[in-house]
Amino acid sequence: MATHPTAPQPGRTDPAILRNFCIIAHIDHGKSTLADRMLQLTGVVDERAARAQYLDRMDIERERGITIKSQAVRMPWTVTEGEFAGRTFVLNMIDTPGHVDFTYEVSRSLEACEAAILLVDAAQGIEAQTLANLYLALGADLHIIPVLNKIDLPGANPEKYAAELAGIIGCDPSEVLRVSAKTGLGVEDLLNQIVVQTPAPEGDADAPPRALIFDSVYDTYRGVVTYVRVVDGSLKHRDRIQMMSTGAVHEMLEVGVISPEPVKADEIGVGEVGYLITGVKEVRQSRVGDTVTSATKPAAEPLGGYQHPNPMVFSGLYPIDGDDFATLRDALEKLQLNDAALQYEPESSGALGFGFRIGFLGLLHLEIVRERLEREFNLDLISTAPNVVYRVVMEDGREITVTNPSEYPTDGKIAEVHEPIVDATVLAPSEYIGAIMELCQSRRGQLGGIDYLSEDRVEIRYTLPMGEIMFDFFDALKSRTKGYASLNYEIAGEQAADLVKVDIMLQGEVVDAFSAIVHRDSAYSYGVALAAKLKELIPRQQFEVPIQAAIGSRIIARENIRAIRKDVLAKCYGGDISRKRKLLEKQKEGKKRMKMVGRVEVPQEAFIAALSTSEPGPAKK
Amino acid sequence: MPSVVPDADPAPRDGSLPAAALAELGSRPFGFYVHVPFCRVRCGYCDFNTYTAEELGDGASRTTYADQVIAEIRLARRVLGEADLPVGTVFFGGGTPTLLPAGDLERVLAAIGAEFGLAADAEVTTEANPDSVDAARLEQLRAGGINRISFGVQSAVPHVLATLDRTHDPARVPGVVAAARAAGFDQLSLDLIYGTPGETAADWERSLTAALACDPDHVSAYSLIVEEGTALARRVRRGELPMPDEDDLAEKYAVADRLLSAAGLRWYEVSNWARDEGARCRHNLAYWRGGHWWGAGPGAHGHVGGVRWWNVKHPAAYARRLAAGESPAHGRELLDAETRRVERVLLELRLAEGLAIDALDAAGRAAIAAQVDAGLVRAEPLTAPDPRVVLTDRGRLLADLVVRALLP
């Protein structure tokens, strides 16, 4: 679709009529619906063509209701009321990822804006991640436009939550806008307010160009598409550009804006938001947070704040069918094209054969990568229990970095083990303070403080070992608070802790993929729970299978899977042989999803589900 | 007939079969299965295609059913062509065939005889509920040409029958069996079900002993399967009844085999025991041996020469098709050579005569040794004239596992 006929043209837009903003919202609070409504009202997308939730591209994102990759849409808007009535402005809406694993990407998106819409469900109030992102936005000096959404819902309580938002950001409750993205109520006024409240971008049009990369996406047909916000100067078609973190030089094959499909331009100038295509094939060559400048007239200093993404969580991924190893390697290479944070290296496991140790930003990142590998590359995978990185100091002074329990040293004496910790923030109704504290305490948490956000909502701060929130902390938190609590955390260094490795043996053989590093105080209950869980998950075999949990050579738990006695269908249903054959096919399909560990067939689920042992809690999903 | 119909090709409206399949007619025994989809009450565990009077729609009723089946038998004759095809076995199953008006089963049988001719030694079976027939009706059935009867006694224990929603009085069974003998039924079978929630080991032994006291020629013993969509499955899901325990089922199977064998009944198929070779159910054997049969009636399945097909399920839809002069066939599968081989393995292995090794590919043959070592099969040397793999006593309970091993 072409851009609006009367809209100001990219590259020749006066910064004074530019308004760059993003929307900060919790999952389900209606960000995508609001974005859709704005696209329609500004005429960028007509109602019939509006695909629901236009900005979310990938299937997985759509299913999970989250946005991983941000994008930016340019929308012309002619103000309908007030002092600017009748004047046309250019609004750039920059989409931000909403999950804790992607805090850094969020911070770069925020850097590209002058204002943030703080969008909150009028029936639920602000959530912990939203609050965390709000703090990021305030830290980036953005103007905050508070908005309550879903005010048409019967459960909406706009008075209460307007007061809450006003209390958090320090405005008057009457300044909190009220909309229904679903019906469109109040959205026109919001667009007008964006123009009024958002400061115009400032920059030096004559200086050497500097543009911030806030997103970078691999496209099969075009290579890497890089999203930038120009701060100084301008970027022109056919310019030779330079990435300031690496010094790499690329030819600019195309520059343009998104409205909402890509529209080519000759250039983009100060304050503008658009995309670049340079022919690079991997997003690692065009990293979020880096500064783009001109190769012929380079800027002296990059824009601040670039960080190299470091994986925080590691997990082994193994193909169930060993013949799929090469396919998995190729698939990871392809995913890395689009995921600068993904790191991997080959490893082998006695139980699982050849696979990869993969570093992720967090658990959601892990889940997304695993699902994409299975869905897009048709791989059947086993993922081992995710773990954090431990630093083990030996008495002889050696230091060992453990990203996999199998690397835990068994030779020599361990002096100290250090584990990463996080600062976690939980927002919840105050009636759940006790339940939340009990949970955090059981996970070795240290209380940081409790603040009341409003009469009956609290912010609880804890420092927790990151390893303790890996598997099921969020589920446990949700189940103890009837779903009302929200969680955010950020990495906060490391601490020494009394940790041990628990091994699991099947038929007397250690299965390395089941080994885990846990605190000594919980090792026994962990071993007992895991052995019991495996007994449930591993189907009965033709022979008896003993399961044991051990710390070193000391057995701490044992279970026994009895040999199977019956595996036959009694009846043949009056000649319906087709049904019997299909059942056989289904059984054989199920067998394919089993991994042979020694002589024992172990289902895929056992490798990951076995780890959520500590809570009897709710059924997942 | 199960209520789940497999995905497959639609069947042609005229019910015709491919020439290649028809060319195989005559190479194997030919029979008729006639499905009678009526029951007085619906049993909670049953997922067969059956209806109570209240569940039937327009155009379908017990009184018009026989004429519709007879129309399908005439259609079968047209589809199968002019070949001489004497019928070796007929099996009336259900549902409850004996719920049909008196004379209807006999008329259907007569129609099969008129169209195809019955072999001189034809085996003609009907299933019956112990409380749906009396001496007079049994005499009438026997006189109408039905020579084998299979009573669905399921259990001799009132609380087990109650859980199964069976309405008959177990005390009546010996009398009905005696009446069947008096009417001239030389071949008499009893169906039993084990593993009903709440059934103790002693209950099951009591059922077996009671059945054996009737001196049957044949016994089928099926483990209870909790099928999706049945009232029983709902009760299990709600926690009102426990799921049958596989070890308990294995134990009960072993008890059944011990008591039946001691009474002179030998297993010839995993769930079937017979007094001697002549007492085996030839109709059922044809299912396991790849025989040909026409399945008549709503939801019935047939097989000829590697084509498996099945009729529309609902009696009203079935009636409409036949009234319009169309085939009631709903869907079918044309099996390729490999699929036919797979079916041979999974069907023949269940028989006491075992699986001919020529049905296995090289990998399957190589897998035999491990199954022998595990004590699940006995195998004759590959050099024998007709080498076969036969399940051991333990292997019978693990037959599906062995099948998967032999079809790697």
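The values are calculated or read from the model by the stated rules, or taken from the named source; none is laboratory data. Computed from a predicted model, the values in this text were never measured in an experiment. Positions of Cβ are backbone-derived with ideal geometry, glycine not excepted, and every protein chain shown enters the neighbour counts. Just so you know, the surface numbers come from the protein's heavy atoms only, side chains and all, with ligands and any DNA or RNA stripped out. Shrake-Rupley method; radii C 1.70, N 1.55, O 1.52, S 1.80 Å.
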note = Using alpha carbon positions and the Kirkwood radius, the Rg to Rh ratio of the range B:337-408 is 0.91
inquiry  = Taking 8 Å as the Cα distance limit and 6 or more residues as the minimum spacing, I'd like the relative contact order of the range B:219-323 as a percentage.
reply    = 15
remark   = Rounded to the nearest 5, the percent of antiparallel DSSP beta bridges in the range B:9-288 equals 20
message = Could you put A:370, B:350, A:222, A:391 in order of accessible surface area, largest first, with the 1.4 Å probe and the full protein assembly present?
response = A:222, A:391, A:370, B:350
query = Once you average over the residues of B:391-404, how many Cβ atoms of partner chains fall within 10 Å of each Cβ?
reply = 4
remark   = For the range A:336-402, the per residue accessible area (1.4 Å probe, Å²) is 38
ask   = Which value in Å does the Kirkwood hydrodynamic radius of the protein assembly as shown take, with 1/r averaged over all unlike C-alpha pairs and then inverted?
value = 34.2
task = Run the dipole for the range B:9-288 about the Cα centre, Lys and Arg Cβ at +1, Asp and Glu Cβ at -1, nothing else charged, and hand back the magnitude in debye, nearest 20.
result = 360
note = In whole angstrom, largest first, the equivalent ellipsoid semi-axes that the Cα gyration tensor gives for the range A:380-449 are 33, 18, 9
Accessible area of the range A:530-591 divided out per residue, in Å², using a probe of 1.4 angstrom = 46
key: Phi-based couplings in Hz for the range A:170-186 (Karplus 6.51, -1.76, 1.60; Gly and Pro marked x)   = x, 10, 8, x, 5, 7, 7, 6, 10, 9, 10, 4, 5, 8, x, 4, x
inquiry  = Within chain A, which whole H helices from DSSP have a Cα span along their axis of at least 18 Å and a mean Kyte-Doolittle hydropathy of -1.0 or more, if any?
reply    = A:325-337, A:363-377, A:520-537
query = Long-range amide H contacts for residue A:495: which residues qualify at under 5 Å (H placed 1.01 Å from N, peptide plane, sequence gap of 5 or more or a different chain)?
reply = A:419, A:421
query = What quantity of accessible surface, computed with a 1.4 Å probe and excluding non-protein components, is buried in total between chains B and A, in Å² to the nearest 100?
reply = 3500
inquiry  = Set the bar at 29 Å for Cα to Cα. Now go through A:31/A:478; A:334/A:588; A:533/A:588; A:533/A:592; A:566/A:595; A:501/A:535 and name every pair that lies beyond it.
reply    = A:334/A:588
ask   = Can you pull the percent of chain B's accessible area that's carbon plus sulfur, 1.4 Å probe, other chains left in place?
value = 53
ask   = Quick one: net charge of residue A:393's neighbours, Cβ under 9 Å, K/R +1, D/E -1?
value = -1
ask   = What's the local net charge at residue A:335, with K and R +1, D and E -1, over the other residues with C-beta under 9 Å away?
value = -1
task = Return, in residue-number order, each cysteine of chain B whose C-beta is not under 4.7 Å from any other cysteine's C-beta.
result = B:39, B:214, B:281
query = How big is the antiparallel share of DSSP beta bridges in the protein assembly as shown, given as a percent to the nearest 5?
reply = 70
query = Can you list the aspartates and glutamates whose alpha carbon sits under 18 Å from that of residue A:591, skipping same-chain ones fewer than 8 residues off?
reply = A:321, A:323, A:324, A:374, A:380, A:536, A:567, A:601, A:605, B:400
ask   = Using mean Cβ contacts within 10 Å as the protection proxy, how do B:381-390, A:309-318 order, highest first?
value = A:309-318, B:381-390
task = Distance between Cα centroids, the range B:129-190 to the range A:77-136: provide it in whole Å.
result = 78
key: Stokes-Einstein D (µm²/s) once Rh is taken as the Kirkwood radius of the range B:262-313 over alpha-carbon pairs, at 4 °C in 1.567 mPa s   = 103
message = Based on C-alpha coordinates, I'd like the Rg and Dmax of the range A:189-306, in Å.
response = 14.2, 45
task = Give the ranking of B:330, B:301, A:143 by solvent-accessible surface, highest area first, calculated with a 1.4 Å probe.
result = B:330, A:143, B:301
message = What does the charge count around residue B:255 come to, taking other residues whose C-beta lies under 12 Å from its C-beta (Lys +1, Arg +1, Asp -1, Glu -1)?
response = -3
ask   = Per-residue ellipticity at 222 nm for chain A, helices alone: DSSP H runs ≥ 4 residues times -39500 (n - 2.57), over residue total, nearest 500 deg cm²/dmol?
value = -7000 deg cm²/dmol
ask   = Over all residues in B:247-253, what is the mean tally of Cβ atoms on other chains that come within 10 Å of each residue's Cβ?
value = 3
ask   = What's the center-to-center distance, using Cα atoms, between the range A:23-41 and the range B:300-349 in Å?
value = 53
ask   = To the nearest 10 square angstrom, what accessible area does residue A:244 show with a 1.4 Å probe?
value = 50
task = Would you kindly calculate the translational diffusion coefficient of the range A:240-323, applying Stokes-Einstein with the Kirkwood radius from alpha carbon pairs, for 20 °C and a viscosity of 1.002 mPa s, and quote it in µm² s⁻¹ without decimals?
result = 139
Convex hull volume per residue for the range B:9-288, taking Cα atoms only, in Å³ = 149
inquiry  = What does the C-alpha gyration tensor say about the overall shape of the range A:518-575? Classify as rounded when a/c is under 1.5, otherwise prolate if a/b is larger than b/c, or oblate.
reply    = prolate
message = For peptide A:557-568, what's the mean number of Cβ atoms from other chains within 10 Å of each residue's Cβ?
response = 5
inquiry  = Cut-off 10 angstrom, C-alpha nodes, Gaussian network model of chain B. Which of B:332, B:282, B:258 fluctuates the most?
reply    = B:258
ask   = In terms of solvent-accessible area of protein heavy atoms at a 1.4 angstrom probe, what is the ranking of A:164, B:55, A:559, highest value first?
value = B:55, A:559, A:164
inquiry  = List, by residue number, every residue in the range A:584-601 with a reduction of 20 Å² or greater in accessible area between the chain on its own and the complete protein assembly, 1.4 Å probe.
reply    = A:584, A:587, A:588, A:591
Accessible solvent surface per residue of the range A:124-163, calculated while the other protein chains remain in place, 1.4 angstrom probe, Å² = 38
message = Give the separation of the Cα centroids, the range A:397-436 to the range B:39-86, in Å.
response = 69
ask   = For the protein assembly as shown, what is the charge dipole size about the Cα centre, in debye to the nearest 20, if Lys and Arg each add +1 at the Cβ and Asp and Glu each add -1 at the Cβ?
value = 2620
task = Would you compute, from DSSP H runs of 4+ residues alone, the mean residue ellipticity of chain B at 222 nm, taking -39500 (n - 2.57) per run and dividing by the full residue count, rounded to the nearest 500?
result = -10500 deg cm²/dmol
